[in-house]
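Asks: Take this structure, written in structure tokens, and hold onto it; I'll ask about it next.
Values in this text are rule-based calculations from the coordinates and carry no lab data. The structure presented is a predicted model; accordingly, all values stated were derived computationally and were not measured. Glycine gets a Cβ as well: all are built from the backbone with ideal geometry, and neighbour counts include every protein chain shown.
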Amino acid sequence: MSVASETSTQVYKKISQEVERILDNLTLPVNDPALQKANSNARLQLESFQTRLNEAIDSLRSNAEWETFTIAFYGETNAGKSTVIEALRILLQENTKLTRQAAFRQFQQQHDLSPEALENADRALKENEALAASLSQALAEVRGRYSDREAELGKELSRLSTLIEDQKTRWSAIRRLLALWILSQEQKQWRQVKQKQQALEAEIHQETQSLAVQKADCNAQRQTMLKQRARMDEKFTELNALADGEIIGTGMSDFTLDATLYPFESCGQRFALLDIPGIEGKESKVREQIQHAVEKAHAVFYVTSKATAPQKGDEDNPGTLEKIRSHLNAQTEVWTLFNKRVTNAMALGRPLVNEDEAHSIQDLDDKMREQLGKNYRQTLVVSAMPAFLSLAEHLVPGGPNAKSRDKYLKAFTPEELLEKTGVSALARVLTQQLVADSKSKIARSNIQKTRVVLDDIAAQVSVLQSDTYAKLVWQLNEDKNSAHKQLDHALKSLRQRLIDRAEESVSRFRNHARERIYKVIDGDISNDRFKSELEAMISLEHASLEKSLPGILKAELERFQSEISDIVAQFQQHARGILNTFSRLQTHKFSSNIPLTIDIDNGINVTGLLATLAGGALLFWNPAGWLVLGPALANLAFAAYKALRSMISSSYKMSQQKQSADKNLSNVAAHMNDAIVDGIQKAFPELQKKIAEIKDMLEEPVKQVSGINEILIQAAAGLRLLSTGIDFSGAK
Ligand SMILES: Nc1nc2c(ncn2[C@@H]2O[C@H](COP(=O)(O)OP(=O)(O)OP(=O)(O)O)[C@@H](O)[C@H]2O)c(=O)[nH]1
Ligand SMILES: [Mg+2]
């Protein structure tokens with residue numbers, strides 16, 4: 001299938017059609033009912049895979065990006081994905097970044113939020129503080145000069161007050177009355193001192209008044225300045241929303257919650273960086289987003305802040321490595337970006353990674369290559385934060401980022417910082433190596449993703465085939481073989497039993513006939529009579545044998561019939577058990593709700609078949625007369641008796657007659673045995689035919705399961721072939 005000349009939609013449509021054709025061809029109608037059943041069953045199974053495949057292809061169709069080479073930044077939360085992207089947005093002048101920066105500058109100008117304005121405001125506040133302090137000091141100095149005199153007067157006033165109070169306790173009532181008009185010596189003194197104190201206060205006031213006014217002014221100015229500063233801070237907060245770094249997290253998990261695409265145009269190449277949520281945080285919120293974002297991407301940077309290989313998990317808790325593989329294995333190229341978290345400029349004076357880290361990175365590269373094969377490239381080392389800071393010219397003055405930036409810029413120039421942090425190299429890889437020849441890379445990557453989808457479904461079909469159907473075929477086949485052996489054995493032992501029973505009956509016939517003829521011989525009979533008596537005995541016993549033998553044989557046939565029916569029932573019960581077990585397993589393991597419906601008997605009437613089993617054979621031996629007596633009688637042979645001697649000795653005659661009877665009976669018995677064995681043999685082809693029918697019936701489930709198994713094998717092979725076909729198409 002050629003891809004280069006077709007639109008992506010056509011390619012996806014063609015793949016779906018091709019899958020449909022493969023699956024249709026595999027389940028074309030056939031004449032054999034068992035295989036037809038297998039077909040329908042396999043069709044059901046395959047349809048569920050087809051639905052899954054079409055869903056995956058639909059998802060690729062709607063998410064795959066065919067125009068712009070898209071590079072996703074993927075990794076643990078807080079690894080620094082957004083920081084790297086923000087640095088690259090500034091460095092490579094991404095459009096939305098430029099718009100935002102213009103908005104930042106405009107807002108800054110409009111509200112006079114320049115660093116100088118901030119500096120001026122802060123300086124004015126500091127000057128105000130200094131003035132307030134010097135005024136306070138001047139006031140304190142003035143007060144200090146008067147403090148001794150103030151204390152002296154205060155002390156004198158207190159001494160006089162104590163004296164006056166003491167005198168009052170000793171005064172008579174009249175003296176107390178007089179005191180309303182006449183002051184004591186001490187009271188007069190107190191008044192004089194008090195006047196002096198007031199005069200002193202007036203003098204102090206006079207001297208500090210202008211200082212106090214200046215201080216009040218200074219305080220009022222401070223209040224105004226603080227209000228202005230608070231307003232400025234509010235504006236800084238607004239400005240911060242426009243500042244560089246808005247996509248960088250605060251250090252809390254899961255900062256980026258929506259996958260965001262940043263389109264670039266650099267060195268004549270168009271490409272886009274895709275910032276996606278972290279894989280290690282509250283992933284359930286963002287899992288689908290990660291999946292879709294990765295489907296869109298043609299290359300992926302696995303960003304990590306640890307220089308160690310991602311951890312492997314277990315079955316219940318997949319580790320980062322498993323997550324990476326499950327998310328990333330469809331990508332064209334995967335790179336690791338080790339973000340070395342540097343906290344000060346000094347650290348940039350030496351190489352970004354030390355010897356230990358270089359070893360760990362090598363190990364990481366090996367492990368990633370193990371998981372991702374030829375899609376994996378290598379690790380690049382960056383230090384995202386200092387790189388971002390070196391580039392970020394649109395920062396809130398006085399903010400933490402601006403302060404950090406100043407520190408780094410004191411140690412290195414922005415260009416040096418870009419080189420030292422590895423971001424210059426990263427940008428070069430991006431704009432020159434990665435996006436070069438991007439059209440064919442896009443096609444290759446999208447084809448690769450489709451291949452993975454096909455291979456994945458092929459693998460699922462194979463797992464179903466090998467875990468369920470191949471095992472089922474094997475088990476049912478074993479059971480069937482064992483049942484077949486039992487059937488053969490039953491038939492063989494039936495033949496032996498029938499022959500045994502026949503021999504027993506014939507031998508009984510011979511013994512009875514002999515007993516009877518001996519009795520007659522003992523009556524001293526003539527040879528002629530002996531002949532006719534022997535014939536009569538044989539006919540009589542033959543009639544009784546002919547009557548009893550069918551019943552005896554029938555009993556054996558009935559026993560055989562019940563043996564066969566036991567073998568069939570046991571097989572069917574066992575087969576049902578196996579099918580149930582596998583059916584449960586399939587539901588559990590593959591979350592499949594497609595029933596595993598296999599016909600055990602394919603509708604053949606087992607009871608009917610078994611019922612006719614003995615009947616057919618019995619037909620051969622019924623009605624009576626199948627064992628013809630004539631030839632036996634005709635073959636009776638009597639030797640020429642030595643008449644003379646017989647006449648002299650009757651005992652000799654009797655022994656002669658008995659000998660003749662024995663010989664003839666033996667001959668007749670041998671003849672009858674042959675006839676019976678012959679008759680039994682004649683019934684066997686019919687019995688064998690019936691047993692063969694039963695065997696075929698037992699073959700039914702094996703045939704059906706084998707049919708499904710075969711179809712699944714071919715379906716998986718067909719999907720794989722289709723997948724390689726796409727890979728080799730002309731998209732290079
Ligand atoms: N010291 C230091 N801090 C860094 C560096 N790179 C990133 N950080 C800090 O790590 C935190 C997370 O950075 P982000 O870039 O938002 O991380 P992320 O990988 O996008 O995280 P999610 O969006 O949650 O997946 C931020 O607080 C960054 O300031 C670095 O090189 N050095
Ligand atoms: Mg982020």
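Asks: In debye to the nearest 20, how big a dipole does the chain give about its Cα centre with +1 on each Lys and Arg Cβ and -1 on each Asp and Glu Cβ?
Replies: Using only the charged Cβ atoms, the result is roughly 1080 debye.
Asks: Output the relative contact order of the stretch 115-240, whole-number percent, from Cα pairs under 8 angstrom with separation of 6+ residues.
Replies: 49
Asks: Take each uninterrupted DSSP H stretch in the chain, measure its Cα extent along the helix axis, and return the ones at 18 Å or beyond whose mean Kyte-Doolittle hydropathy is at least 1.6.
Replies: In the chain, the long hydrophobic H runs are 606-621.
Asks: Suppose a student asked you for the relative contact order of the chain, using Cα pairs under 8 Å spaced at least 6 residues apart; what percent would you report?
Replies: Once normalised by length, the contact order is 20 percent.
Asks: With each run of n ≥ 4 DSSP H residues scored as -39500 (n - 2.57), what mean residue ellipticity at 222 nm is computed for the chain after dividing by its residue count and rounding to the nearest 500 deg cm²/dmol?
Replies: Rounded to the nearest 500, it is -25000 deg cm²/dmol.
Asks: Binning every alpha carbon pair distance of the chain at 10 Å from zero, what are the percents per bin?
Replies: Computed distribution, short to long bins: 2, 10, 11, 10, 9, 8, 7, 7, 6, 6, 5, 5, 4, 3, 2, 1, 1, 1, 1, 0, 0, 0.
Asks: Right, something else. Report P(r) for the stretch 432-480: all Cα-Cα distances, bin width 5 Å, range 0 to the bin holding the largest distance, values in whole percent.
Replies: It works out to 5, 18, 12, 12, 10, 9, 8, 7, 6, 5, 4, 3, 1, 0, in whole percents.
Asks: Per-residue HN-Hα couplings for the stretch 245-253, Karplus 6.51 cos²θ - 1.76 cosθ + 1.60 at θ = phi - 60°, whole Hz, x for Gly and Pro?
Replies: Going residue by residue, I get x, 5, 8, 7, x, 8, x, 7, 5 Hz, with x marking Gly and Pro.
Asks: How about LYS188: which lysines have a C-alpha closer than 24 Å to its C-alpha, ignoring those fewer than 8 places off in the same chain?
Replies: Of all the lysines, those that pass the test against LYS188 - Cα under 24 Å, at least 8 places apart if same chain - are LYS155, LYS168, LYS196.
Asks: Nearest 5 is fine: what % of DSSP beta bridges in the chain come out antiparallel, could you say?
Replies: 25
Asks: Could you line up THR724, THR27 from fewest to most neighbouring Cβ atoms inside 10 Å?
Replies: Fewest to most other Cβ atoms nearby, the residues stand as THR724, THR27.
Asks: Return P(r) of the stretch 115-240 (all Cα-Cα pairs; 5 Å bins starting at 0; whole %; ordered from short to long distances).
Replies: The calculated distribution, bin by bin, is 2, 9, 13, 11, 9, 8, 8, 7, 7, 6, 5, 5, 4, 3, 2, 1, 0, 0.
Asks: Pull up all non-local amide H partners of ILE279: gap of 5 or more, or a different chain, and H-to-H distance under 5 Å with H placed in the peptide plane.
Replies: Under 5 Å from the amide H of ILE279 lie the amide H atoms of GLY75, GLU76, THR77, each far enough along the sequence or on another chain.
Asks: Output the pairs from LYS485/LYS690; LYS37/LYS695; LYS37/LYS471; LYS519/LYS663; LYS215/LYS235; LYS227/LYS407 with a Cα-Cα distance over 25 Å in this structure; if there are none, say none.
Replies: Among LYS485/LYS690; LYS37/LYS695; LYS37/LYS471; LYS519/LYS663; LYS215/LYS235; LYS227/LYS407, the Cα-Cα distance tops 25 Å for LYS215/LYS235; LYS227/LYS407.
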